[in-house]
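See below for the structure under consideration.
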Amino acid sequence: MGEARGLEALALHASPLPIHESEVLDRKAANRRLTRSLLLFAAGSFGFGFALVPLYDLVCDVTGYGNRKALLEAASVVEQVDASRSITVELVSATAAQGDWEFRPANGNMQVHPGRLYEAKFYATNLRTQAVTAQAIPSVAPTQATRYFQKTECFCFTPQRFEASETRELTVRFIVDPALPANIDRVTLAYSMYTTESKG
Amino acid sequence: MSTAHTHAHAADHEAHDHHGPEKGWRRWLFATNHKDIGTMYLLFSLLMFFIGGAMALVIRAELFQPGLQLVDPGFFNTMTTVHALIMVFGAVMPATVGLANWMIPIQIGAPDMALPRMNNFSFWLLCAAFTLLLLSLFVAGGGPASGWTLYPPLVLQTGNALPLAIFAIHLAGASSIMGAINIIVTIMNMRAPGMSLLKMPVFVWTWLITAYLLIAVMPVFAGAVTMLLTDRFFGTTFFEAAGGGDPVMYQHIFWFFGHPEVYIMILPAFGIVSEIIPTFSRKPLFGYDAMVYATAAIAFLSFIVWAHHMFTVGMPLAGQLFFMLATMLIAVPTGVKVFNWTATMFKGSISFEPPMLFAIAFLFLFTIGGFSGLMLGVAPADFQYHDTYFVVAHFHYVLVPGAVFAIMAGVYYWLPKWTGHMYNMKLAKVHFWLSVIFVNLLFFPQHFLGLAGMPRRIPDYSTQFADWNMVSSIGAFGFGLSQLLFVYIIFATIRSGAKATDKVWDTAKPHGLEWTLSSPPPYHSFEVAPEVK
């Protein structure tokens, strides 16, 4: 059984205490002090919301999961083929809401051995009647595979300029690190095509 | 609001003492009295409960049968979005703020809230916020239709409603932050002599912790929607991959706010129930200290479980394990609370007045919602449940027969104190039984629909889901209509009724200082501080 602690111990004093004016002033000052520090707390929370942005990137960098910076950098690797293992690489393309693009991989998927350099091709067509510059943003799934999927050359490293109605072949060269965790036998490389600026 | 004012004015027509309120509309527009502001918050929330409820009925009417019958899919999505925003920020939160305004000063022996003018500003800011949000339904491109979570990139396709909805969130956020600051300052500085922190009523404790949660996370949400605003209008790319941003980051920031937000809605409900169950069990609350520490533990844990809302984004295994186990951990303090309430009733001399009925229903039905929450918290299982009606059933169980029932219990508990009149017990019991039957008819079948794979936020469904959807829609209309009885009981009690005694529940021991005041309490209570021993 709970002891009669807390609320049940409440009993009113027979003759209540009068409040003095100085107490009221003290209380007002105390209220102001506490209000100020709570407002600062709220401002700090607002700042914390924005601090989550670099923090998020930092976590990605440190863990290497879904690391967007590494995805856009060329890796220099040495071929060390592990012919005993075969991995399916799926190639996926997507276009963003803005711009008119036709964008597709030459092949939907390929079988690769870890440690060997491969080349994959995509085709992109600018459906606009004016020149545009496009940027492809890669992502790798599952995210744990990101750091083991290395590109030595990619159309995504630089913005690509397309003339009006131009169709172009785009190349990516990649190598899957033999250190790829054993439970992963399928890696998806996806590109989204974004229009970065329109000319014309 | 004008009709609400008239009614509320009638509510206090007796409260004319020598420091009586101003006459007419000035009393409400310039209100600084905690009781007047509390009344306005409660009536505002009641109004929003019906507006949000009407939107829910549009949803349930469309889902009554498979196929598209009544509304177009875009408007359906607007309804799901705005229903949620209104119920969360316009109904549940202002209702608990209203109860805090009314009850905290008179429970701790204070003359009023510490910052009465800021109190007035918080309330009117909230009205401005919801005016903007409701206006957003009528602009080009239609209302916000992305779901209340406002995930990019979808939300960035919203038309002119986007800035309106975002400013509405800013204002509602500022309002609740100011409300929270006011509550903390009142509790810390205005307690009667002798009212130590561990003698405070549990309702006051839960609100103290809720207020800190609000100050910690509402600004984070304000930041997140500000980023949406600048992404859309000022060329930033916080959430756009083309510029180096990441839409998944929005989900992290949103749920860093969103998970504590669910406790912001439920902790005050815990407080209300902790007041009511001891009164009608005629026993002291079992484990008062444990209740306080459990509340604090839940608040702390709420900050480290956010990613259980987004197990499916493709997070590393270590992340899934951490967020799953942290989520399971919340069941411990929550279990402490549920068992303490049960232990309070154990061998108690229980009577079943309307507040107790709602509190007991809360205890059972909130626990059902808690269990389905645990199911969702299991990462590998969540992939099956994610974005299905199972999720809808889960959070409605914790919010409707959870938070809303607790608020109704609180209203039935304190209404005689506020108005000085007893309400019609028989009618209130009818209201309870209608509500509890229909709410289960409404939400229980949604568990089955979700487990069978019906996705949420879609206006049409495959025919095998037809039967349970029809049952659920019948429950929805029954529940909605039953609430008209609630409104009738409240306004009838404001106008007339048997005189309530000061202790109101005369078989019960007084549990807080509110029962030492007259019913209704004088316009300015505790001008002379009581001393608590």
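Scanning segment B:252-293 for residues that are facing another protein chain (nearest Cβ under 9 Å), open to solvent by less than 10 Å² (accessible area, probe 1.4 Å) and among the aromatic types (F, W, Y) turns up just one, B:F257. Determine whether segment B:36-52 contains at least one residue that is surrounded by fewer than 21 Cβ atoms within 10 Å (Cβ to Cβ), closer than 24 Å to B:S176 by Cα, modelled with pLDDT of 95 or more and of a type in the set (V, I, T). Scanning segment B:36-52, I find at least one residue that is surrounded by fewer than 21 Cβ atoms within 10 Å (Cβ to Cβ), closer than 24 Å to B:S176 by Cα, modelled with pLDDT of 95 or more and of a type in the set (V, I, T), so the answer is yes.
Return yes or no: is B:P193 within 11 Å of another protein chain (Cβ to nearest Cβ), in a loop (DSSP other than H, G, I, E, B) and either on the phi > 0 side of the Ramachandran plot or not charged (D, E, K, R) (or both)? So B:P193 fits the description; yes. Going by what's in this entry, would B:S496 be described as surrounded by 19 or more Cβ atoms within 10 Å (Cβ to Cβ) and not acidic (D, E)? Against the criterion (surrounded by 19 or more Cβ atoms within 10 Å (Cβ to Cβ) and not acidic (D, E)), B:S496 does not qualify.
Of all residues being more than 7 Å from every other protein chain (Cβ to nearest Cβ) and in a helix (DSSP H, G or I) in segment B:242-251, which is surrounded by the most Cβ atoms within 10 Å (Cβ to Cβ)? Just the residue, please. For segment B:242-251, the residue satisfying everything is B:Y250. Every condition in (1) hydrophobic (A, V, I, L, M, F, W, C); (2) in a strand (DSSP E or B); (3) in contact (Cβ under 8 Å) with a residue 60 or more places away in the chain; (4) under 30 Å from A:H113 (Cα atoms) is met by A:A134 except one, and the failing one is (4). Scanning segment B:130-145 for residues that are small (G, A, S) and surrounded by 23 or more Cβ atoms within 10 Å (Cβ to Cβ) gives B:S136, B:G143, B:A145. Taking the criterion of being open to solvent by less than 30 Å² (accessible area, probe 1.4 Å), farther than 22 Å from B:S302 by Cβ and small (G, A, S), the residues of segment B:190-241 that qualify are B:A192, B:A241. Of the residues making up segment B:70-100, those that are more than 15 Å from the chain's Cα centre (by Cα) and in a helix (DSSP H, G or I) are B:P73, B:G74, B:F75, B:F76, B:N77, B:T78, B:M79, B:T80, B:T81, B:V82.
Inside segment B:81-121, residues that are away from chain A (no Cβ under 14 Å) and either in contact with a Ser or Thr (Cβ under 6 Å, 6 or more places away or on another chain) or not aromatic (F, W, Y) (or both) make up a count of 22. For segment A:1-118, the strands (runs of 3 or more DSSP E) that sit wholly inside it and include 3 or more residues that are among the β-branched types (V, I, T) and either surrounded by 12 or more Cβ atoms within 10 Å (Cβ to Cβ) or at pLDDT 90 or above (or both) are A:87-95.
The values are calculated or read from the model by the stated rules, or taken from the named source; none is laboratory data. Since this is a predicted model, take the numbers as computed values, not measurements. Positions of Cβ are backbone-derived with ideal geometry, glycine not excepted, and every protein chain shown enters the neighbour counts. Ligands, DNA and RNA are stripped out before the accessible areas are found, and what is left, the full protein with its side chains, is counted by its heavy atoms. Shrake-Rupley method; radii C 1.70, N 1.55, O 1.52, S 1.80 Å.
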